[in-house]
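Q: Quick one: this structure, given as structure tokens, is what I'll be asking you about.
The values are calculated or read from the model by the stated rules, or taken from the named source; none is laboratory data. Keep in mind that what you see is a predicted model, and the values were worked out from it rather than measured. Neighbour counts run over all protein chains shown; Cβ positions are idealised from the backbone, glycine included.
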Amino acid sequence: MNNKDYLFISDIHLGLQSKEVEDIKEKKLVAFLEYVSGNAKELFIIGDLFDYWFEYKRVYQKGFYRTLTALKNLSEKGITIHYLIGNHDFMHRDFFKEEIKANLYEEPVDVVLNDKRFFLAHGDGMVKNDLGYKILKKILRNKGFQRLYSLLHPDLGIAIASGTSKKSRDYTTNKHYGEIDGLFEAAKLKIDEGYDYVVMGHSHVRDNKQYKKGIYLNLGSWLTSPCYGRFANNKFEIIEWK
């Protein structure tokens with residue numbers, strides 16, 4: 001690969017499954033991040049790296065230090081890390097910015113890569129008939145609410161965050177959006193605006209669809225079949241990570 005290759009991952013959900021399963025998943029993720037260091041210029045994390053994340057001013061949740069170290073190593077090697085916050089890992093403060101030197105985004109990202117225009121979004125709140133979640137998202141993302149929440153003891157705050165994450169995941173899993181793929185419909189609107197590629201996650205359903213002159217891609221998840229997106233030589237591929 002040349003140094004103009006860009007890699008993408010989404011919906012790893014670290015912390016969701018049993019310790020044994022998480023250990024295996026994290027080893028695969030760390031191996032992938034080591035691969036990134038020699039094979040890409042930039043890494044885009046399209047949300048839900050963690051199944052829940054709540055970071056206090058002086059405390060962040062323990063575990064997954066191998067992942068955090070691998071990300072830190074990437075940034076020290078000059079790899080740019082872009083982290084789009086998802087609906088499970090949205091309670092960030094400054095740890096990723098200050099310690100890992102990652103770029104954090106709370107909103108979708110408009111970026112040009114190799115002269116192609118990309119619209120990047122986790123996907124939550126993008127579906128038209130999901131008003132209930134959109135209201136909840138505004139509340140949970142509100143900085144005032146998060147400051148009040150941070151007054152809770154970390155053990156209690158993180159326990160509640162974990163439970164809320166499970167409810168959010170159950171809601172997303174059981175939500176019936178109709179026969180039409182709501183994320184694809186949202187992607188069509190962005191392609192009509194002039195984007196060449198629309199890349200999302202959230203649904204956990206891997207997808208690659210052509211619409212007019214643009215392409216919609218969904219990176220699926222690492223819960224059943226780890227994969228990554230690669231954009232190189234003006235071609236986007238979704239590749240299994242073995």
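Q: Filter the stretch 3-28 down to the residues that are free of Cβ contacts under 8 Å to residues at least 40 places away in the same chain, within 22 Å of residue 44 (Cα to Cα) and either touching a Gly at 6+ places or on another chain (Cβ under 6 Å) or not in a helix (DSSP H, G or I) (or both) and list them by number.
A: Selection gives 3 alone.
Q: Still on this structure, I have one more. Within the stretch 184-228, restricting attention to residues that are assigned to a loop (DSSP other than H, G, I, E, B) and of a type in the set (Ser, Thr, Tyr), which residue is farthest from residue 23 (Cα to Cα)? Give the steps one after another, and end with the answer.
A: Here is the first cut: in the stretch 184-228, the ones assigned to a loop (DSSP other than H, G, I, E, B) are 193-196, 201-206, 212-213, 219-226.
Those still in the list that are of a type in the set (Ser, Thr, Tyr) too: 195, 203, 221, 224-225.
Numbers: 195: 38, 203: 24, 221: 17, 224: 14, 225: 15 Å.
Checking each candidate, the answer is 195.
Q: Okay, moving on. Residues in the stretch 47-66: is at least one buried (at least 16 other Cβ atoms within 10 Å of the Cβ) and more than 23 Å from residue 143 (Cα to Cα)?
A: Yes, the stretch 47-66 has at least one match.
Q: Let me ask something else. Any idea which residue in the stretch 183-226 is nearest to the chain's Cα centre (by Cα), counting only those that are at pLDDT 95 or above, among the β-branched types (Val, Ile, Thr) and under 21 Å from residue 85 (Cβ atoms)?
A: My answer is 199.
Q: Is it the case that some residue within the stretch 49-71 is among the charged types (D, E, K, R) and under 24 Å from residue 113 (Cα atoms)? Can you show your working first?
A: First pass over the stretch 49-71, keeping only residues among the charged types (D, E, K, R): 51, 55, 57-58, 62, 66.
Subsequent filtering for residues that are under 24 Å from residue 113 (Cα atoms) retains none.
So far as the stretch 49-71 goes, no, none of its residues is among the charged types (D, E, K, R) and under 24 Å from residue 113 (Cα atoms).
Per-residue answers, yes or no, for (1) modelled with pLDDT under 90; (2) over 27 Å from residue 93 (Cβ atoms); (3) among the basic types (Lys, Arg):
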{"residue": "7", "(1), (2), (3)": "no, no, no"}
{"residue": "13", "(1), (2), (3)": "no, no, no"}
{"residue": "25", "(1), (2), (3)": "no, no, yes"}
{"residue": "39", "(1), (2), (3)": "no, yes, no"}
{"residue": "43", "(1), (2), (3)": "no, no, no"}
{"residue": "57", "(1), (2), (3)": "yes, no, yes"}
{"residue": "61", "(1), (2), (3)": "yes, no, no"}
{"residue": "66", "(1), (2), (3)": "no, no, yes"}
{"residue": "69", "(1), (2), (3)": "no, no, no"}
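Q: Considering only the stretch 42-117, give the strands (runs of 3 or more DSSP E) lying wholly within it that have at least 1 residues that are more than 20 Å from residue 231 (Cβ to Cβ) and either under 15 Å from the mean Cα position of the chain (by Cα) or aliphatic (A, V, I, L, M) (or both).
A: Numbers: elements: 42-45, 80-84, 103-105, 109-113.
So the answer is 103-105.
Q: Here is a follow-up. Restricting attention to the stretch 76-99, does a residue exist that is without any contact (Cβ under 8 Å) to a residue 24 or more places away in the chain and on the phi > 0 side of the Ramachandran plot?
A: Scanning the stretch 76-99, I find at least one residue that is without any contact (Cβ under 8 Å) to a residue 24 or more places away in the chain and on the phi > 0 side of the Ramachandran plot, so the answer is yes.
Q: Then there's this: Would a scan of the stretch 213-230 turn up a residue that is more than 20 Å from residue 42 (Cβ to Cβ) and charged (D, E, K, R)?
A: yes
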